[in-house]
Amino acid sequence: MQTWIKIGLLSDIPRLGSRTIETEQGQVAVFRTSDDEVFAMFNRCPHKGGPLSEGIVSGRVVACPLHNWVIDLATGEATAPDKGCTRTVPSRLVDGAVWLELKAGRQVSHG
Ligand code: FES
């Protein structure tokens, strides 16, 4: 069962940056755009597993630090001509707090 879990504050995430959260299913990268939108996805590039949390955020995409694939933050899809998809995690911003929809009972720790 999925449930919404509060993982911290928007202000904990640098603008045009990210922070990582450990979950039982793997590390999740939580991104903040320049206009304070929040997106989350597993921290593995669909190309060769590069750490997307260390990539450059611009607009609503992140460029992987390893080989520069550009991943759409909303869908997790690589932009053409590259093909691949990273699983996204539903996220929500409520009164300055960031919530992710994760499996109920899952251990979450902040990275
Ligand atoms: S691992 Fe991300 S572009 Fe190659």
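Summary of computed values
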read-out	value
Over segment 2-110, relative contact order from alpha-carbon pairs under 8 Å, at least 6 apart, %	31 percent
Lysines whose Cα lies under 26 Å from that of Lys6, excluding same-chain neighbours fewer than 8 positions away	Lys103
For the chain, size of Cβ-based charge dipole, Lys and Arg +1, Asp and Glu -1, in debye	220 debye
Long-range amide H partners of Arg92 with built H, under 5 Å	Trp99
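None of the figures in this text is laboratory data; all of them are computed from the coordinates on show. Please read these numbers as outputs of a predicted model, since none were measured by experiment. Here the Cβ is made from the backbone with ideal geometry for all residues, glycine too, and neighbour counts use every protein chain on show.
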